[in-house]
Amino acid sequence: MSSSGAQLIAQALHELGVRVIFGLVGIPVVQIAEEAIALGIRFIAFRNEQAASYAATAYGYLTGRPGVCLVVGGPGVLHAMAGIGNASANAFPLLILAGSSETHLVTKGAFQEMDAISLLSPHTKIAVRSSLDSIPQTITNAYRTSWYGRGGTGFVDLPADVIQGEGDHISTRIVPAAPRAAADPAKVKVIAGLLRSAKAPLVVVGKGASYAQAESSIRKLINQTKIPFLPTPMGKGVLPDSHSSNTASARSTALKGADVVIVLGARLNWILHFGEEPKWNANAKIIQVDISAEELGKNNGNAELAVIGDINVVTEQLLAALQGWQYDTSSAYVQALKASTVKNEATAAKSAKVDKIPMTYGRTFDVIKQTLHKLSPPEDGGIVYISEGANTMDISRSVFPVEHPRLRLDAGTYATMGVGLGYAIAAHCAYNLPSPEASSGPKSSHKKIVCLEGDSAFGFSLPEVETMARYGMDILIFVVNNGGVYHGDSSDSDAWLRLQQNSKQGVKGGLRSTSLGWEVGYEKVAEMCGGIGYLVRTPEELARATEEGYKATVPVVINIIIEAGQAKKLEFAWQNSSKKPKKEAKL
Ligand code: ADP
């Protein structure tokens, strides 16, 4: 019996086990979405392809299988390119399906005509056009390619005549779980020897370990060997933040003092200061374990010692090679880590208590944390934190502990602002919709999705609050509102109005590039679509709104007016941390 192209596409996705599609429809891809819904696949319809493509990348990360995004051709593809860049930068698996104009109209200026394959080929792992006959094989191979090896994007261009044509159903070949490679045993032996004789060993745990769902073997490794570990921002939770070997509160000391470092699923990029001085010890042996051979030896990674392999397998190999050995935690390195931890945690505790209104970041996050922890203790793993915005992300990172993996997402490798609401929707789908992918990854019990958004970051995708409301997603969003990018530029409404006046009159000294609207009523975005909004200024109001918001069954936006306009120098602690190459340095 023949079926429409749209039916064949939906069937191929269904046979691949796809349970959720993120997207935004138009003609003709709407037919694919409708056929997918008819097969029981959930279609989450966004207000902008950008947010939909971000959501699909996060879904891929959380479930360990490609997230799927469906968009129209031309402008839809251009908007979804944001997700493609995000998937590549973060190494997340993503399958984008896009409509395109009829094949016989090529070059004639057809509706939304664009040569998407040429545009996307350099940015994807595979970019192909499907014919009517090749639908199952094209979609399967794009899905598999985006997933196997290092995650990235598979793109399938679906012309209107393919979507609307008629063809026969051919079953999709089963795509088993991604293959896992072991490390060269001789190298494992050498690495184990180096660890045994190290004075200051360190294990760095990245979001690749979290994506690989390698928590069980990594927990065994650290518990057995007592080697101190450092999570990257999204590697948090692979090991519990409360673990006694966690050096996160002594990050600088941990990096600077380490002599042998095993990097499990993290790149030596800006997040890890390239593995270079001055943040790292110049003589440290940095040993990467990565699924991607191209990554090994990059920047200050030691190419001779680095191993290619799956973290799950290599960690078990290391465990076996280190059997019976434990690092001596009375070492000078561990003592230095402890001293640094005590000092840094005391400073953080002080900033959490600063008692003034408008509130500071420290106080704001402390109130949210105390309230949420009463409702859902971190050990239960009942909350997923999504965090974006320069200060909001940076400061909140160390405030909210996570005890389980894949419970914290942020702007990631690309430092992409605007991912937050899409990520929150993805997390809601991954954790709270019953699906086979969810049962193989995160636990499927209902989790509260909590977004910590700077007012600037929130602005990138605020219409997606309506998406949340439409699907009844009980997502709790905090907008940490200081009236600007970074710190804004005004400390009170009179000053802001003066600057605005200057801007209007075109005179010097108008609003700065970092300035956003003064005390904008972001909470109303929730109210306009059936959610609940709160505007809060004091710790008491914030605590009450947090509790009510946590218990609500609709999306909630809590707009927190905090201290604004601190005219500090603009800087970002993660940057400017690497030495510049010397002029005579050779590659
Ligand atoms: P972070 O942002 O936490 O520093 P990155 O995204 O930079 O982490 O690095 C993640 C790394 O993990 C990538 O280089 C990726 O190739 C690697 N990776 C992903 N999955 C696996 C796996 N199963 N085994 C080994 N390495 C993996």
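Data for the structure
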quantity	calculated
Listed residue pairs exceeding 21 Å between alpha carbons, taken from K369/K551; K125/K285; K220/K256	K125/K285; K220/K256
Dipole magnitude (debye, nearest 20) for the chain, charges at Cβ of Lys, Arg, Asp, Glu	2120 debye
Summed residue charge, Cβ within 11 Å of R144's Cβ, Lys/Arg positive, Asp/Glu negative	+3
Segment 185-341, dipole about Cα centre (Lys/Arg Cβ +1, Asp/Glu Cβ -1), debye to the nearest 20	340 debye
Centre separation in Å (Cα based) which lies between segment 258-276 and segment 360-383	30 Å
Cα coordinate range in segment 240-360, projected on the principal axes (Å, largest first)	53, 33, 27
Percent of alpha-carbon pairs separated by more than 14 Å within segment 301-363	76 percent
Cα gyration tensor of the chain - equivalent ellipsoid semi-axes, whole Å, descending	38, 34, 22
Rounded to whole Hz, the Karplus (6.51, -1.76, 1.60) HN-Hα couplings of segment 200-217, x for glycine and proline	9, x, 8, 10, 9, 10, x, 6, x, 5, 5, 4, 6, 6, 9, 4, 5, 6
Protection proxy ranking of 110-117, 8-15 - average other beta-carbon atoms within 10 Å, highest first	8-15, 110-117
Full-stretch length increase - S197, K504 - with 0.36 nm per residue and alpha-carbon distance subtracted	103.8 nm
Net charge contributed by nearby residues that have their C-beta within less than 14 Å of G509 (K/R +1, D/E -1)	+3
For R42, distant residues with modelled amide H under 5 Å away	V20, I21
Charge tally in the Cβ shell below 12 Å around V419, where Lys, Arg are +1 and Asp, Glu are -1, V419 excluded	-4
Within segment 2-168: Cβ-based charge dipole about Cα centre, in debye rounded to nearest 20 (Lys, Arg +1; Asp, Glu -1)	720 debye
Residue (of Y54, S101, L70) at the positive-pole extreme of segment 2-168, dipole from beta-carbon charges	Y54
Computed over the chain: relative contact order in percent, which uses C-alpha pairs under 8 Å that are six or more apart	13 percent
Karplus-derived HN-Hα couplings along segment 27-41 (A = 6.51, B = -1.76, C = 1.60, θ = phi - 60°), whole Hz, x at Gly and Pro	7, x, 5, 4, 5, 5, 4, 5, 5, 5, 4, 4, 8, x, 7
In range of the label at F111: residues from segment 56-94 whose backbone nitrogen is under 13 Å from the point 7 Å along Cα→Cβ	72-74
Segment 178-260 - convex hull of the alpha-carbon atoms, volume per residue in Å³	97 Å³
Relative contact order (percent, whole number), segment 83-157, Cα cutoff 8 Å, 6+ residue spacing	47 percent
Cα-Cα over 31 Å, subset of K236/K338; K187/K207; K298/K448; K187/K279	K298/K448
Charge dipole of the chain about the Cα centre (unit charges at C-beta), most positive-ward option of A258, S331, N481	S331
Under Karplus coefficients 6.51, -1.76 and 1.60, residue-wise ³J(HN,Hα) of segment 277-285 in Hz, glycine/proline x	4, x, 6, 10, 6, 4, 9, 5, 8
Relative contact order (%) - criterion: Cα under 8 Å, at least six apart; region: segment 2-168	27 percent
Ordering of 46-59, 366-379, 322-335 by burial proxy (mean other Cβ atoms within 10 Å per residue, highest first)	46-59, 366-379, 322-335
Neighbour-count ranking [beta-carbon atoms within 10 angstrom, fewest first] of S4, S130, S146	S4, S130, S146
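Since every read-out is calculated from the coordinates, none of them should be taken as a lab result. In this text the structure is predicted, and so the values were computed from the model without any measurement. For neighbour counting, all protein chains shown are included, and Cβ atoms are generated from backbone atoms with ideal geometry for every residue, glycine included.
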